[in-house]
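So the structure is just underneath, and the comments pick up after that.
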Amino acid sequence: MEVSEDDYFYHDNFSFNISYDDYPSLCEKDDIRSFAALFLPIMYTVCLVVGLAGNALVMAVYAYHKRLKTMMDAFLTHLAMADLLLLFTLPFWAVDASRGWMVGEVVCKIVSAFYTVNFTCCMLLLACISLDRYLALARVQGEEQRGLLQKVFNRRHCWKVCLVVWATAFMLGLPDLILSEVRWASNRSVCLAIYPPSMARGGKAALEIAEVLLGFLLPFLVMVICYWSMGRALNSLPVESRGKKWKALRVLLIVVGAFVVTQLPYNVLKVYRAMDSVYALVDHCGTSKVLDQAAQVTESLALTHCCLNPILYAFMGSSFRQHMMKVAKKFGEKRRRRRRDHPAEEEGMDMTFNSHSVSQETNTFSI
C-alpha cells in the first residue's frame with residue numbers, strides 16, 4: 001500500500017494512529033510534532049526510571065524467595081513483569097517522537113505489539129487482584145462459598161488464570177504485530193498500523209473499542225464491585241476496629257481513584273477518536289490539533305500507572321513488606337558475616353508485621 005506524506009499529517013501518537021486523510025485541505029501540524037518531540041521523551045524517561053526501580057524491586061524480591069506462596073504473589077509478579085515489558089518499549093517511542101523511527105520494520109512490529117499486549121495485560125491483572133482480595137476477605141469472614149470464582153481463584157488454577165490474561169492481551173496485540181509498518185511521512189520515518197482499505201474505518205474503530213472494553217471498562221467494573229463489597233464489609237466491623245477499618249478503606253479508595261484518574265481520560269478520548277474514524281466527527285484543523293495534543297498527554301498519564309502499581313499493590317501489602325524486610329535482613333546478615341567472619345547475633349530474629357498466623361492469602365492491603 002503506497003503512502004505519501006500528504007496521506008498522514010501526524011502520527012506521533014502511536015496508540016491511536018489516526019489519520020485525517022479525508023480532510024479537504026492540508027492540516028499542518030508542525031507545532032504538534034514539536035510539542036511531542038519535547039513532551040513525550042521527558043514523560044517516557046520519567047516513567048521508565050521510576051517504573052524500572054519499583055517493578056524491578058518487586059521482581060527481585062519474589063525471585064529471591066523462588067516460590068510464590070499465594071495468588072496475590074503470582075499476580076504481583078506477573079503485573080511487575082508486564083509493567084517492565086511495557087516500560088522497555090518507551091525508549092523506542094521517545095526516539096520516534098523526537099527523530100522518527102530508526103530501527104526497522106521488524107522492531108516496529110514487535111514494539112507495537114509489546115506495547116498493546118502489556119498495557120492490556122496490566123489492566124486485566126488489576127481486575128484479578130481485585131477479585132482475589134474480595135475472595136480473600138470473604139474467606140476471613142467465614143463466608144467462603146464453593147462458587148465458580150472460589151474454585152477458579154486458588155493456587156492450583158493460578159497459572160491458568162494468568163495464562164488466560166496473557167492470551168487475551170496477546171489477541172488484542174496481534175493486529176499491531178501484523179499491520180504495523182514503517183512509512184515515510186512528514187519528512188521522517190514513522191511506525192504505525194496500516195489498515196487495509198476494507199477495514200480502515202470500521203475495523204480500526206472496533207479494535208479500539210475492544211481495547212477500551214477489556215483494558216478499562218471490565219477492570220474498572222470489577223474493581224468497583226469488589227472494592228465496594230469489601231468497603232461494606234469493613235464498614236460493618238465493630239467500633240473498636242474503626243482505626244484499622246478506615247485505614248483499609250483509604251487504601252481501597254486510593255487504588256480505585258488512581259485507576260480512574262490515570263485511565264479514564266485516555267479511554268474517553270480513545271472512544272471519541274474511534275467514533276471519529278467512523279463518522280468523521282472532526283472536520284476542523286484546530287480541533288484535530290487539540291485532540292492530538294490531548295492524546296499525547298492522556299496516554300502519558302495512563303502510562304504513569306506502571307510507576308504506581310508497585311506502590312499501590314506491592315508496598316502497601318503487608319505480605320510483600322514481610323518478604324522485602326526478610327530479604328533486607330538476610331542481606332544485612334551476610335554483610336555482617338563478611339565483616340566479622342562469624343554469624344550475626346540477631347540471626348534468629350524474624351521480622352514480621354502480622355502477629356497472627358492468618359493465611360498468607362489474606363494479609364495484603366492490611367485487610
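Summary table
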item: Among residues of region 151-208, those that are buried (at least 19 other Cβ atoms within 10 Å of the Cβ), of a type in the set (D, E, K, R) and farther than 30 Å from S130 by Cβ, counted; result: 2
item: Residues being small (G, A, S), within 20 Å of D83 (Cβ to Cβ) and free of Cβ contacts under 8 Å to residues at least 40 places away in the same chain - total across region 26-57; result: 2
item: Hits in region 166-209 - residues which are touching a helix residue (DSSP H, G or I) at 6+ places or on another chain (Cβ under 7 Å), over 19 Å from N267 (Cα atoms) and polar (S, T, N, Q); result: S180, S186
item: Filter pass, A295 being in a helix (DSSP H, G or I) and either among the hydroxyl-bearing types (S, T, Y) or at pLDDT below 90 (or both); result: no
item: Residue within region 79-99 that is over 20 Å from H305 (Cβ atoms), crowded, with 19+ Cβ neighbours inside 10 Å and in contact with a strand residue (DSSP E or B) (Cβ under 7 Å, 6 or more places away or on another chain) present; result: yes
item: Residues within region 178-215 that are closer than 20 Å to F114 by Cα and of a type in the set (F, W, Y), tallied; result: 1
item: Some residue of region 31-52 being in contact with a helix residue (DSSP H, G or I) (Cβ under 8 Å, 6 or more places away or on another chain), modelled with pLDDT under 90, exposed (fewer than 14 other Cβ atoms within 10 Å of the Cβ) and in a loop (DSSP other than H, G, I, E, B); result: no
item: Qualifying residue in region 308-324 (condition: of a type in the set (K, R), at pLDDT 75 or above, in a helix (DSSP H, G or I) and surrounded by 15 or more Cβ atoms within 10 Å (Cβ to Cβ)); result: no
item: Some residue of region 88-105 being under 26 Å from A295 (Cα atoms), charged (D, E, K, R), assigned to a loop (DSSP other than H, G, I, E, B) and in contact (Cβ under 8 Å) with a residue 40 or more places away in the chain; result: no
item: Search result, residues across region 302-311 that are among the hydrophobic types (A, V, I, L, M, F, W, C) and under 12 Å from the mean Cα position of the chain (by Cα); result: A302, L303, C306, C307, L308
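The values are calculated or read from the model by the stated rules, or taken from the named source; none is laboratory data. As the structure is a prediction and not an experimental result, all values here were calculated from the model. No Cβ is skipped: glycine too gets one built from the backbone with ideal geometry, and neighbour counts run over all protein chains shown.
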